[in-house]
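**Student:** This is the structure I have questions about; it appears just below.
What follows draws every value from the coordinates through simple rules; no lab data is involved. Source: prediction; values computed, not measured. Cβ: placed from backbone, ideal geometry, glycine included. Neighbour counts: every protein chain shown.
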Number of protein chains: 2
Amino acid sequence: MLLAIELSREVLYLTAPNPRVACLIVKDNQLLAAGVTQQAGGPHAEVMALRQAQTRGHNVAGTTIYVTLEPCSHYGRTPPCVDALVQAQPARVVVAMPDPNPLVAGQGFGRLREAGIQVQAPICAEQALEVNPGFVSRMTRNRPWVWLKSAVSIDGQIALANGLSQWITGPQARADGHHWRARSSVVLTGLRTVLADDPQMTVRDVETPRQPIRAVVDTRFEIPETARILNGSPTWIFTCHHDADKAQRLAERQVQTVVMPERDGRVDLAAVLQWMGHNDVNEVHVEGGASLHGALLEAGLADELLVYMAPKILGAGRGMFTIPMRQSLADQDDFRFVEQAALGDDIRLRLRHQGHWQALVHSVSQVPQT
Amino acid sequence: MLLAIELSREVLYLTAPNPRVACLIVKDNQLLAAGVTQQAGGPHAEVMALRQAQTRGHNVAGTTIYVTLEPCSHYGRTPPCVDALVQAQPARVVVAMPDPNPLVAGQGFGRLREAGIQVQAPICAEQALEVNPGFVSRMTRNRPWVWLKSAVSIDGQIALANGLSQWITGPQARADGHHWRARSSVVLTGLRTVLADDPQMTVRDVETPRQPIRAVVDTRFEIPETARILNGSPTWIFTCHHDADKAQRLAERQVQTVVMPERDGRVDLAAVLQWMGHNDVNEVHVEGGASLHGALLEAGLADELLVYMAPKILGAGRGMFTIPMRQSLADQDDFRFVEQAALGDDIRLRLRHQGHWQALVHSVSQVPQT
């Protein structure tokens, strides 16, 4: 199963809004065939693996099939995978985690069992969840899984006092940052970052078959129409300010303006994420400044922190998070370190919100009764 | 040799001001005996290993002896180890690094070669240096090896804006901090930390046969005589202010007051470290606040950073280093990450000043010609 989960990472950049899934067909400890989910609308992992088995002339009857997610039981853009599996008649299907999609939710397992196929699940659910936190989040919380990406000095500064921030970290850290952009559905930033750095926010340093949607939180709709983030693939602007003319001009350039409620003087970020959840967004890579990151943190909407740290010392510069002053060390956000990695001269720290993560783990740790 | 270097770590807390050294006696790939340097005044590693070989009834003639530092050739508190080795007549002596002590500096090797013993050195010098940076620093730079210990939040704050800092990190990180105190010759702090936290700065969370000397940078000699750091084992106060009465009262309590030149409105820190170098201090563990750490950094006197990071976010609190405002990201201090480790909920980051470290490496990478 861990091999299947590893294989499913091959399509991290590809399948959104569908989950990344891999399927292995095994008989007598021999791998007969493997498959991974293709681009949305294309075949799922199970069908890919069954096709490969067929091409190779293997009979799937009596085999064990490993899948990293419960096979779908409904007609989406493709026919249900359980039908294909039932037809192939493996002896056993081992599944990493149930599909939290209410359209599936245990029905996939039920259909297999009815067909006399032995089902074993969940197996390595938490490891499988690592590959698809966004999909599970959208299905169970109606909002995407959100990480905040920062590049900081040892002393936690994202820029000098004069605003200079390019480049705190080196090329390997920047390329790694593009990997995280590439796996996301949306790259989100704030107006201040657009004004300060005029970033493109596209994926360039890693190869990808798909560019995420770029998005800007721009409460007063002040974004200059010359901003580079408005060029190329679709961009979303979340604002509280109506300006039909500007919106119309931008719409002609694939830029969608979404008017949102205001909260605490800025776009209501919970509403933005809920809107994204309804619009098939699984994972959001936030790459803004202290203001946007602090606001997401304070609103309890940050699920992970992705921190690239350079071996530099900046002294009094610009901090990572603009948040209200804390009075006690106990006022904490329940983050946990999950990984430290070296990237050239820099390091990458990943932290996860323990409560948010445990809720997702819980949702995939039990097989619903059907 | 790597085994010997590992063994030498057993006496990290013990041997100061002597270096930590281990010695292995090997014949036909069998370990006959091992020894490590004892408390200052006690036998060195070579003598301990030779004694063990004798006790076990092994003849050392014709063996290979591994030592992590060039055997001493001078009479210090103990007779020269080369004499004991020459008498034992091993076939070969393999040494990790030459002794930078000008009283030895290649003469140990010379004496062994004269006695017809084959000498191989240096072997794994940089790894051996990791165990004794302070000793090599004192011998080659006339000042100790200095690390700055901080406990910080993810966003680089050592305290809340209200000054609250106990405890940012958890018990495992604190115990690890005591390990670093225990290996040091001196634990150095600043007056502000004494006034704010009234710390003891002793080693309590790990077992140690020796307490380091505590020291306080106190430019105006303002330390309250009730401060806990003045109790127990010896303490040094570095000040620019003469107060014979106060100094006399403190002297009766094993507290030595050292009057130092002033520089930039505070005790001249370079002079403090030079004084320490002359007073047999190998390693200094600095555990102060942003002011002392910033000043050491700015003076180019910080060799390592030992950063314990908690998964907390403090927002606008107190930063790690008070340093002049930087204008460019190129104004950098040449630190490199050398290690990341998880300690309970926290992590430990270690950074080393590349230039300072390379100078030490250079000094032990060549065998002086005698």
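**Student:** What relative contact order, as a whole-number percentage, does segment B:246-331 give when Cα pairs under 8 Å and 6 or more residues apart are counted?
**Tutor:** Over segment B:246-331, the number comes to 24 percent.
**Student:** Search the structure for amide H atoms under 5 Å from the amide H of B:Val94, placed 1.01 Å from N in the peptide plane, and list their residues when 5 or more places away or on another chain.
**Tutor:** When sequence neighbours closer than 5 places are left aside, the close amide H contacts are B:Ile65, B:Tyr66, B:Val67, B:Gln120.
**Student:** Here is a further query. Straight-line reach from A:Lys149: which aspartates and glutamates have Cα under 12 Å away, leaving out those fewer than 8 places along the same chain?
**Tutor:** Of all the aspartates and glutamates, those that pass the test against A:Lys149 - Cα under 12 Å, at least 8 places apart if same chain - are A:Asp176, A:Glu287, A:Asp303, A:Glu304.
**Student:** For segment A:156-214, take every pair of Cα atoms, bin their distances at 10 Å starting from 0, and report each bin as a whole percent.
**Tutor:** 21, 48, 28, 3
**Student:** What list do you get for B:Asp345, A:Asp245 if you sort them by fewest beta carbons within 10 Å? Write down the numbers at each step before the final one.
**Tutor:** Details: B:Asp345 17, A:Asp245 7.
Listed from fewest to most nearby Cβ atoms, that is A:Asp245, B:Asp345.
**Student:** Quick one: net charge around A:Ile123, please, counting Lys, Arg +1 and Asp, Glu -1 for every other residue with C-beta under 15 Å from its C-beta.
**Tutor:** Residues close to A:Ile123 contribute a combined charge of -4.
**Student:** I want to verify the translational diffusion coefficient of segment B:50-136 in µm²/s; compute it with Stokes-Einstein, Rh as the Kirkwood radius over Cα pairs, at 37 °C and 0.692 mPa s.
**Tutor:** 247 µm²/s
**Student:** Could you state the per residue volume, in Å³, of the convex hull enclosing the Cα atoms of chain A?
**Tutor:** Hull volume over Cα atoms, normalised by residue count, gives 150 Å³.
**Student:** Determine ³J(HN,Hα), in whole Hz, for all residues of segment B:285-296 in sequence, where each value follows from phi through the Karplus function 6.51 cos²θ - 1.76 cosθ + 1.60 and θ = phi - 60°; x replaces Gly and Pro.
**Tutor:** 9, 9, 9, x, x, 4, 6, 5, 5, x, 5, 5
**Student:** Amide H to amide H under 5 Å from A:Thr257: which residues, 5+ apart in sequence or cross-chain, H placed 1.01 Å off N in plane?
**Tutor:** A:Ile237
**Student:** Pull up the cross-link candidates among the lysines for B:Lys27, meaning alpha carbon to alpha carbon under 17 Å and not fewer than 8 places away within one chain.
**Tutor:** Counting by Cα, and skipping residues close in sequence, B:Lys27 has no lysines nearby.
**Student:** A follow-up question, please. I'd like the distance separating the alpha-carbon centroids of segment A:201-222 and segment A:280-352, in whole Å.
**Tutor:** Distance between centres, Cα-based: 19 Å.
**Student:** Looking down the axis that turns B into A, which residue of B has the closest beta carbon, and how many Å out?
**Tutor:** Whole-Å result, nearest residue of chain B to the axis: B:Gly156, 1.
**Student:** Starting from a label point 7 Å past Cα on the Cβ side, list the distances from A:Glu222 to the same position in the other copies, nm, shortest first.
**Tutor:** Sorted ascending, the copy-to-copy spacings read 4.2 nm.
**Student:** Report the Cα centroid-to-centroid distance between segment B:82-149 and segment A:114-140 in angstrom, as an integer.
**Tutor:** Cα centroid of segment B:82-149 versus Cα centroid of segment A:114-140: 59 Å apart.
**Student:** Grab the alpha carbons of segment B:74-204, take their convex hull, and tell me the volume per residue in Å³.
**Tutor:** Looking at segment B:74-204, the number lands at 168 Å³ per residue.
**Student:** Let me ask something else about it. Ranked by Cβ crowding within 10 angstrom, fewest neighbours first, how are B:Ser233, A:Ser150 ordered?
**Tutor:** Fewest-to-most Cβ neighbours within 10 Å comes out as B:Ser233, A:Ser150.
**Student:** Convert each backbone phi in segment B:123-140 into a coupling constant with the Karplus relation 6.51 cos²θ - 1.76 cosθ + 1.60 (shift: θ = phi - 60°), then list the ³J(HN,Hα) values in order as whole Hz, x for Gly and Pro.
**Tutor:** Using θ = phi - 60°, the values come out as 10, 6, 4, 5, 5, 5, 4, 4, 7, 10, x, x, 4, 5, 4, 4, 6, 9 Hz.
**Student:** Taking θ = phi - 60°, what integer Hz values does the Karplus form 6.51 cos²θ - 1.76 cosθ + 1.60 yield along segment A:248-256, in sequence order, with x for Gly and Pro?
**Tutor:** Each residue of segment A:248-256 in turn: 5, 4, 5, 4, 5, 10, 6, 9, 9 Hz.
**Student:** Given an 8 Å cut-off on Cα distances and at least 6 residues of separation, report the relative contact order of chain B as a percent.
**Tutor:** The value is 18 percent.
**Student:** Still on this structure, please answer the following. For segment B:88-161, how big is Rg over Rh, using alpha carbon atoms and the Kirkwood form of Rh?
**Tutor:** Values: Rg = 19.4 Å, Rh = 15.2 Å.
Taking Rg over the Kirkwood Rh, I get 1.27.
**Student:** Using Cβ counts within 10 Å as a stand-in for footprinting exposure, how do B:Ser153, A:Ser165 rank, fewest first?
**Tutor:** Ordered by Cβ neighbours within 10 Å, fewest first: A:Ser165, B:Ser153.
**Student:** Under the convention of a label 7 Å out along Cα→Cβ, give the distances in nm from A:Arg56 to the same position in every other copy, shortest first.
**Tutor:** 5.4
**Student:** Take peptides A:91-100, B:85-94, B:295-304 and line them up by average Cβ neighbours within 10 Å, highest first, as a rough protection proxy. Write out the running numbers ahead of the final one.
**Tutor:** Values: A:91-100: 23.8, B:85-94: 18.8, B:295-304: 21.1.
Averaged packing, sorted descending, gives the order A:91-100, B:295-304, B:85-94.
**Student:** If you count, for every residue in A:125-138, the Cβ atoms of partner chains within 10 Å of its Cβ, what is the mean?
**Tutor:** Working: counts 0, 0, 0, 0, 0, 0, 0, 0, 0, 0, 0, 0, 0, 0.
Counting other chains' Cβ atoms within 10 Å and averaging over A:125-138 gives 0.
**Student:** Once Rh for segment B:227-343 is found with the Kirkwood sum over Cα pairs, what is the Stokes-Einstein diffusion coefficient at 20 °C and 1.002 mPa s, in µm²/s? Intermediate results must be reported in sequence, preceding the final value.
**Tutor:** Numbers: Rh = 17.1 Å.
Estimated diffusion coefficient is 125 µm²/s.
**Student:** Cβ under 9 Å from B:Leu188's Cβ, B:Leu188 left aside: what net charge do those residues give with Lys, Arg +1 and Asp, Glu -1?
**Tutor:** 0
**Student:** Tell me whether the protein assembly as shown comes out rounded, prolate or oblate; compute the Cα gyration tensor, take square roots of the eigenvalues as a ≥ b ≥ c, and use a/c under 1.5 as the rounded threshold.
**Tutor:** oblate
**Student:** Let me ask something else. Once you order the gyration tensor axes a ≥ b ≥ c over the Cα atoms, which shape class does segment B:1-79 get: rounded for a/c under 1.5, otherwise prolate or oblate by comparing a/b with b/c?
**Tutor:** Since a/c reaches 1.5 and a/b is larger than b/c, the shape of segment B:1-79 is classed as prolate.
**Student:** A follow-up question, please. Could you check which residue among A:Leu314, A:Leu50, A:Leu24 shows the biggest mean-square fluctuation in a GNM of chain A with a 10 Å Cα cutoff?
**Tutor:** Looking only at A:Leu314, A:Leu50, A:Leu24, the biggest GNM fluctuation is shown by A:Leu314.
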